[in-house]
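Just below is one structure, and these are the notes that go with it.
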Amino acid sequence: MKIVFMGTPEIAVPCLEKMIDEKHEILGVVTQPDKPKGRGKKLAMSPVKELAVKHDIDVYQPKRARDEEFINEIKIYLQI
């Protein structure tokens, strides 16, 4: 099954891990943009992005997933 996974928080990680373990074809992951974290306000990846990067899955981080520009980008990537 081909999948584009959308998620950001830690609670979404087990779902993505299960799909990876079951060898689904994950075309990409959509997650929120990196945000400043901690005292140093350094940019930090979301838990879902960390897992996607670890498994060499393409990551998309639009400001808004409903933006027409992003939707068109995904359509081109997926050849829809």
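Laboratory data are not the source of any read-out in this text; all were calculated from the coordinates shown. These numbers were taken from a predicted model, which means no experiment stands behind them. Methodologically, a virtual Cβ is constructed for each residue, glycine included, from the backbone with ideal geometry; neighbour enumeration extends over all protein chains shown.
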Legend entry - Projected label distance in nm at Ala44 and Arg64, using a 7 Å step from Cα toward the beta-carbon: 2.7
Legend entry - Only Lys, Arg (+1) and Asp, Glu (-1) charged, at Cβ; the stretch 28-73 dipole about Cα centre in debye: 540
Legend entry - Shape of the stretch 10-80, Cα gyration tensor, a/c cut at 1.5: oblate
Inset, instruction - For the chain, state which GluC sites (Glu not before Pro) are in a DSSP loop and have at most 16 other beta carbons lying within 10 Å of their beta carbon. - result: Glu22
Legend entry - Size of charge dipole - the chain - debye, nearest 20, with Cβ of Lys, Arg +1 and Asp, Glu -1, no other charges: 480
Inset, instruction - Pick out, from Ala12, His24, Gly38, the residue whose Cα sits farthest towards the positive end of the charge dipole of the stretch 1-58, with +1 on the Cβ of Lys and Arg and -1 on the Cβ of Asp and Glu. - result: Gly38
Legend entry - Per DSSP, loop trypsin sites (Lys or Arg not before Pro) in the chain with at most 12 further Cβ within 10 Å: Lys23, Arg39, Lys41, Lys63, Arg64, Arg66
Legend entry - the chain - mean residue ellipticity at 222 nm from DSSP helices (-39,500 (n - 2.57) per run, n ≥ 4, rounded to 500): -10000 deg cm²/dmol
Inset, instruction - Go ahead and run the numbers for FRET between Lys37 and Ile3, Cβ-Cβ distance against an R0 of 22 Å, rounding to 0.05. - result: 0.20
